[in-house]
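The values are calculated or read from the model by the stated rules, or taken from the named source; none is laboratory data. From a predicted model like this one, the values you see are computed outputs, not experimental measurements. Note that we place each Cβ from the backbone using ideal geometry, even for glycine, and neighbour counts take in every protein chain shown. These accessible areas exclude ligands, DNA and RNA; they are computed on the full protein's heavy atoms, side chains included. Shrake-Rupley method; radii C 1.70, N 1.55, O 1.52, S 1.80 Å.
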Amino acid sequence: MVLEELTDKRIAVLLSGGVDSSVVVYEFARLGLHPDCFYIKIGPEEETEWDCSSEEDLEMATAVAAKYGCRLQVVDCHREYWDEVTRYTMDKVRAGLTPNPDVMCNRLIKFGAFDEKMGHDYDLIATGHYAQTEVIDGLKWLTTSPDPVKDQTDFLAQIYDWQLKKALFPIGHYQKDEVRQIAEREHLVNAHRKDSQGICFLGKINYNDYIRRFLGEQPGDVIELETGKRIGEHRGLWFHTIGQRKGLGFGGGPWFVVKKDVEHNILYVAHGYDPSTAYKQEFFVHDFHSLNGVMPPERITFKIRHTPDYLPATLKDMGDGRYAVCADNKIHGVAPGQFCVVYDEEHHRCYGSGEIFIP
């Protein structure tokens, strides 16, 4: 669907205060459209020490909406975020897994709780994601952005099919520097504002502090996998992820995190700059979620983290939404709980994603 075909559609724009969603509003305005804009409040909790940049975000969103004659409404999804996304995150890290809160935020909040509160009045929900959609053989597909660094299809690969049908990504065909140029040319108030980093609501809050607030600390042994030698103590398995090598604080390094034993509260590490134990060529995913009901073919490309690289592999269907992923080459840092996002061989169409597990 091209923007010029939207004149008879009821459109809601999720306006965050950042440059990307602001250029979305401009894209409609240049066509003479004035969609309703919504700022989603998700927050951290109200205590001052957990405050983030939400006040500035709202000020920016208000200015952009006013510039283009759009109505702006604040939608409070704070409780839904902390009940659903935070619970998901804490349950996963407590189990020794590596969750992705931003993935679930898109499914449960931006295209979920918002739709329940306001979105049911609209045909389409537009966001500033770097992604595209195409109708191929009568089915709507999530497709990749031409900017491989900014592409965000991996963050959208868990949305439901009805959410994909309503999703619209008006800047998905741009490169990031093109979006910046538009913002500068149109004198948007946030044209030079830096992109947000990390989990969408944390702002300047350290992720480990966020985890510590809910789970505390649980010290345990750090063991070198190859020798069984104890090299130190960790403060909690949930502060570490498979493949991590920075911020470990153990002498005699470098060290890589290669395994977690949740039952015995042991963190296993390997020594060296590139240990073989940090790599896998085959791994498994379960609960594969198809974006539009089409399951992936045998030959695919995939991602397990937000990078510009799409890795070739063979997919073996094990039944019941479980797959074995056999990568063409060994890959670093495969962690249970991560989402494996599956694309076609040309890394154009996104089929969906499943969670990595150890059978």
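One line per residue, one yes/no per condition, for (1) within 30 Å of Ile358 (Cα to Cα); (2) outside any helix (DSSP H, G or I); (3) open to solvent by 30 Å² or more (accessible area, probe 1.4 Å); (4) out of contact with any strand residue (DSSP E or B) (no Cβ under 7 Å at 6 or more places or on another chain):
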position	(1), (2), (3), (4)
Val64	no, no, no, yes
Lys92	yes, no, yes, yes
Gly96	yes, yes, no, no
Pro99	yes, yes, no, yes
Cys105	yes, no, no, yes
For this session: Determine whether Arg71 is open to solvent by 50 Å² or more (accessible area, probe 1.4 Å) and at pLDDT 90 or above.
Result: yes
Exercise. Which one of Tyr273, Tyr279 is over 25 Å from Cys105 (Cα atoms), modelled with pLDDT under 95 and surrounded by 15 or more Cβ atoms within 10 Å (Cβ to Cβ)?
Worked result: Tyr279
Problem set entry | Residue list for region 80-93, restricted to those being over 15 Å from the mean Cα position of the chain (by Cα) and either over 11 Å from Ile109 (Cβ atoms) or aliphatic (A, V, I, L, M) (or both) | Arg87, Met90, Asp91, Lys92, Val93
For this session: Tell me which residues, restricted to region 324-338, are closer than 14 Å to Glu282 by Cα, out of contact with any Cys (no Cβ under 8 Å at 6 or more places or on another chain) and open to solvent by less than 20 Å² (accessible area, probe 1.4 Å).
Result: Ala324, Ala327, Ile331, Gly333, Val334, Ala335
Problem set entry | region 301-321, subset touching a Gly at 6+ places or on another chain (Cβ under 8 Å) and surrounded by fewer than 21 Cβ atoms within 10 Å (Cβ to Cβ), residue farthest from Gln163 (Cα to Cα) | Arg305
Problem set entry | Positions within region 248-295 being out of contact with any Cys (no Cβ under 7 Å at 6 or more places or on another chain) and of a type in the set (A, V, I, L, M), in sequence order | Leu248, Val257, Val258, Val262, Ile266, Leu267, Val269, Ala270, Ala278, Val294, Met295
Exercise. Would you say Trp50 is modelled with pLDDT under 95 and within 21 Å of the chain's Cα centre (by Cα)?
Worked result: no
For this session: Report yes if some residue within region 126-146 is open to solvent by less than 40 Å² (accessible area, probe 1.4 Å), assigned to a loop (DSSP other than H, G, I, E, B) and free of Cβ contacts under 8 Å to residues at least 40 places away in the same chain; otherwise report no.
Result: yes
Problem set entry | In region 327-341, the residues that are more than 13 Å from Tyr279 (Cα to Cα) and not aliphatic (A, V, I, L, M) | Pro336, Gly337, Gln338, Phe339, Cys340
Problem set entry | Residue list for region 339-348, filter: farther than 30 Å from Val262 by Cα and buried (at least 24 other Cβ atoms within 10 Å of the Cβ) | Tyr343
Problem set entry | Count of region 157-192 residues which are among the β-branched types (Val, Ile, Thr) and not in a helix (DSSP H, G or I) | 3
For this session: Just name the residue that is nearest to Val103 (Cα to Cα) out of those in region 153-175 that are surrounded by fewer than 22 Cβ atoms within 10 Å (Cβ to Cβ) and of a type outside the set (A, V, I, L, M, F, W, C).
Result: Tyr160
Exercise. Out of region 208-257, which residues are among the aromatic types (Phe, Trp, Tyr), out of contact with any helix residue (DSSP H, G or I) (no Cβ under 9 Å at 6 or more places or on another chain) and either surrounded by fewer than 19 Cβ atoms within 10 Å (Cβ to Cβ) or assigned to a loop (DSSP other than H, G, I, E, B) (or both)?
Worked result: Phe250
For this session: Kindly indicate which of Arg212, Arg245 is free of Cβ contacts under 8 Å to residues at least 40 places away in the same chain, within 23 Å of Lys92 (Cα to Cα) and in contact with a strand residue (DSSP E or B) (Cβ under 8 Å, 6 or more places away or on another chain).
Result: Arg245
